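Here is the structure we will look at.
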Amino acid sequence: MQRQNTLSCVFLLGLSLAAPLLSQSAVLRAQEPASAAEDRPRRVLPKAKGDISFDDIKFDIEKGGEFDRKMLTKEIEALNKKTVRIRGYIYPTFQQSGIKEFVLVRDNMECCFGPGAAIYDCIRVEMEKGRTADYTTRPVSVKGKFEIEELRLPDGLLLAIYKLTAVEVK
């Protein structure tokens, strides 16, 4: 409880320090002529460029619950068969270079593959024919065609629901 109160205090302190700056910024924008705002180039949103995050492919599922495609949001379904770029970590393999297939995970913690791991926190990546990736412990950016495709073991155990056919890993 004390930790929660401390965090609340820090958050409120941050808000109180930022409020004068925010209100000053609003005043400056209000004083700016309308034509100046219109002349400014519009910033392209990351999603418009195909940049997504693991948060964009997250959906509601109970821990240990059975996956049903109807659980996916319309925003996730809209990504199906689209070219995207997503950042994550290559799950360690025995191979260091020339990797043709790997699993991209949200973070480099073992939580993604432990008991009760979230099915939306990993993506099965297959490199496009003729392309390969090299293992690194650092985050990578993977670009390719995103697909919603279940991967199950013969006994029916669900391993993955997302697949990315990658053209580039940086």
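The values are calculated or read from the model by the stated rules, or taken from the named source; none is laboratory data. Keep in mind it's a predicted model, so treat the numbers as computed, not measured. In this analysis, Cβ positions are derived from the backbone assuming ideal geometry, glycine residues included, and neighbour counts consider all displayed protein chains. For the accessible areas, the whole protein counts, side chains as well, though only heavy atoms, and no ligand, DNA or RNA atoms are used. Shrake-Rupley method; radii C 1.70, N 1.55, O 1.52, S 1.80 Å.
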Only one residue in 130, 156, 144, 65 is part of a loop (DSSP other than H, G, I, E, B) and at pLDDT 95 or above, so which one is that? 130
What tally of residues in the stretch 90-108 results from selecting those that are without any contact (Cβ under 8 Å) to a residue 24 or more places away in the chain and either touching a strand residue (DSSP E or B) at 6+ places or on another chain (Cβ under 9 Å) or surrounded by 19 or more Cβ atoms within 10 Å (Cβ to Cβ) (or both)? 2
Condition first: at pLDDT below 95, within 22 Å of residue 69 (Cα to Cα), open to solvent by 40 Å² or more (accessible area, probe 1.4 Å) and touching an Asp or Glu at 6+ places or on another chain (Cβ under 8 Å). Can you find one or more residues in the stretch 111-119 that meet it? no
Could you please find all residues in the stretch 68-89 being outside any loop (DSSP other than H, G, I, E, B) and without any contact (Cβ under 8 Å) to a residue 60 or more places away in the chain? 70, 71, 74, 75, 78, 85, 87, 88, 89
Does the stretch 132-149 hold any residues that are polar (S, T, N, Q) and open to solvent by less than 60 Å² (accessible area, probe 1.4 Å), and which are they? 136, 141
Taking the condition under 24 Å from residue 61 (Cβ atoms), in contact with a Lys or Arg (Cβ under 6 Å, 6 or more places away or on another chain) and among the aromatic types (Phe, Trp, Tyr), does residue 162 pass? no
